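K.L.:
Supplied in structure tokens, the structure appears directly below.
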Amino acid sequence: MIAALQKDDAFLDDVHASRSVDGLHTWWLGQSGFLVQWQGHHLLFDPYLSDSLTTKYADTEKPHVRMTERVIAPERLDFIDVVTSTHNHTDHLDGETLGPLMNANPKMKFVLPEANRAFAAGRLQCDPSIFIGMDDGVDSEVGPFNFHAIPAAHENIDRDDAGRCHYLGYVVQIGPFTVYHSGDTVRYEGMAKRLSQWDIDLAFLPINGSRPERKVPGNLSGREAAQLAKEAGIRTVIPCHFEMFEFNTVSPDEFVEACEELSQPFVLLKSGERASLM
């Protein structure tokens, strides 16, 4: 088991201490989960903070053996303003994470694809009206967070009967900073150009690639993530979607090597570790 750099009380101490420090602060929570803090406001992207998939897929052909220990129990994150889900896969819409999180944060806003509203309400056993639904090209101001939705292709840009995207990425303007969480995605035509319309300071991109033999939808590889960041003019990129499950992970070495070759700034975080932009 890979140890988290910070977890439990030590993690919370760092989060609380950072509130008094100017800038944008980000912690990787494992898989595609990130906590973003700005001026005492907290945005939580796609958290997976349980072992629900390990339990679900035990004794199957796709055992989800956890590689990295959990950073924090979701019920201890009682200061979250906004949480997101980019799509319906359990590591991005986990009932065992989101249920306790919603109980701990009764006023928390929940951003997700409009196409997934009914599914999410069923999984979380909640009123579907609580969600803020997003779609390709839709903008939404949620407290100090200004959301812009763009498609994600996992591995295709899938839409419902009304033409709404099931998979999204979010560009979020937060004060003077702009961040991009791609969700699970491969690259599609025009993606870099579309992202370049924003002056993105920080992007979270998956690097575990696409392998048909895994029988799961694919993502950007490490090299593809570095190239997308470079072409989109992203100032700093942080890789994710690795070192969570043994059957679906990669080494970040390819990503690091590609970023260095391209002179693309990056930060390689350990689970529970913080990166700060000033």
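K.L.:
Set Lys and Arg Cβ to +1 and Asp and Glu Cβ to -1, take the dipole of the chain about its Cα centre, and tell me which of Pro47, Asn88, Phe119 lies farthest positive.
P.N.:
Selected residue: Phe119.
K.L.:
With springs connecting C-alpha atoms under 10 Å apart, model the chain as a Gaussian network and identify which of Glu257, Glu243, Glu224 has the largest mean-square fluctuation.
P.N.:
Glu257
K.L.:
Could you check which residue among Ser32, Ser210, Ser263 shows the biggest mean-square fluctuation in a GNM of the chain with a 10 Å Cα cutoff?
P.N.:
Sorting by GNM fluctuation, first place goes to Ser263.
K.L.:
May I pose another question? Please give, to one decimal in nm, the separation of the simple spin-label points placed at Thr60 and Met1, each 7 Å out from Cα toward the Cβ.
P.N.:
Between Thr60 and Met1, the label points sit 2.3 nm apart.
K.L.:
Let me ask you something else. Leaving out same-chain residues fewer than 8 places away, which lysines sit with a Cα under 29 Å from that of Lys230?
P.N.:
Once the sequence-local lysines are set aside, what remains near Lys230 is Lys193, Lys270.
K.L.:
Can you tell me the dipole magnitude for the chain around its Cα centre, using point charges on the Cβ only (Lys, Arg +1; Asp, Glu -1), in Debye to the nearest 20?
P.N.:
Its charge dipole is roughly 200 debye.
K.L.:
Which stretch or stretches of segment 76-107 have amide N atoms under 20 Å from the point lying 7 Å from Asp13's Cα along the Cα→Cβ direction?
P.N.:
76-79
K.L.:
Straight-line reach from Lys109: which aspartates and glutamates have Cα under 18 Å away, leaving out those fewer than 8 places along the same chain?
P.N.:
Asp46, Glu75, Asp78, Asp81, Asp94, Glu96, Asp127, Asp135, Asp139, Glu141
K.L.:
Further question: So if each residue of separation counts as 0.36 nm, and I subtract the Cα-Cα distance between Cys126 and Phe247, what length gain in nm does that give? Could you put the intermediate results ahead of the total?
P.N.:
On the way: separation 121, 0.36 × 121 = 43.56 nm, distance 3.20 nm.
Gain on stretching Cys126 to Phe247: 40.4 nm.
K.L.:
Give me the extension gain from Asp139 to Lys107: residue separation times 0.36 nm, minus the current Cα-Cα distance, reported in nm with one decimal.
P.N.:
9.4 nm
K.L.:
At a Förster distance of 41 Å, what's the computed FRET efficiency of Glu260 paired with Gln197, Cβ-Cβ distance as r, to 0.05?
P.N.:
For R0 = 41 Å, the calculated efficiency reads 0.95.
K.L.:
What spacing in nm lies between the two simple spin-label points modelled at Ser52 and Glu231, each 7 Å away from Cα in the Cβ direction?
P.N.:
3.5
K.L.:
Related question: Principal axis lengths of the chain from Cα atoms, whole Å, largest first?
P.N.:
Largest first, the chain extends 46, 45, 43 Å along its Cα principal axes.
K.L.:
How would Thr55, Thr178 line up from fewest to most surrounding beta-carbon atoms within 10 angstrom? Please report the intermediate quantities before stating the final value.
P.N.:
Details: Thr55 10, Thr178 20.
Fewest-to-most Cβ neighbours within 10 Å comes out as Thr55, Thr178.
K.L.:
Under a straight-distance cross-link criterion of Cα-Cα below 14 Å, which aspartates and glutamates are reachable from Lys62, leaving out those fewer than 8 residues away in the same chain?
P.N.:
Candidates past the 8-residue exclusion: Glu213, Glu246.
K.L.:
In addition: For Arg76 and Ala275, FRET efficiency with R0 = 22 Å and r from the beta-carbon atoms, rounded to 0.05?
P.N.:
Efficiency, rounded to the nearest 0.05: 0.55.
K.L.:
Assuming R0 = 35 Å, what is the FRET efficiency of Asp161 and Val21, from their Cβ-Cβ distance, to the nearest 0.05? Don't skip to the answer; put the middle values down first.
P.N.:
Values: r = 47 Å, r/R0 = 1.35.
So the FRET efficiency works out to roughly 0.15.
No value in this document is a laboratory result; all are computed from the given coordinates. Fair warning: this is a prediction, and the values are worked out from it, not measured in the lab. Cβ sites come from the backbone with ideal geometry, for glycine too, and all protein chains shown count toward neighbours.
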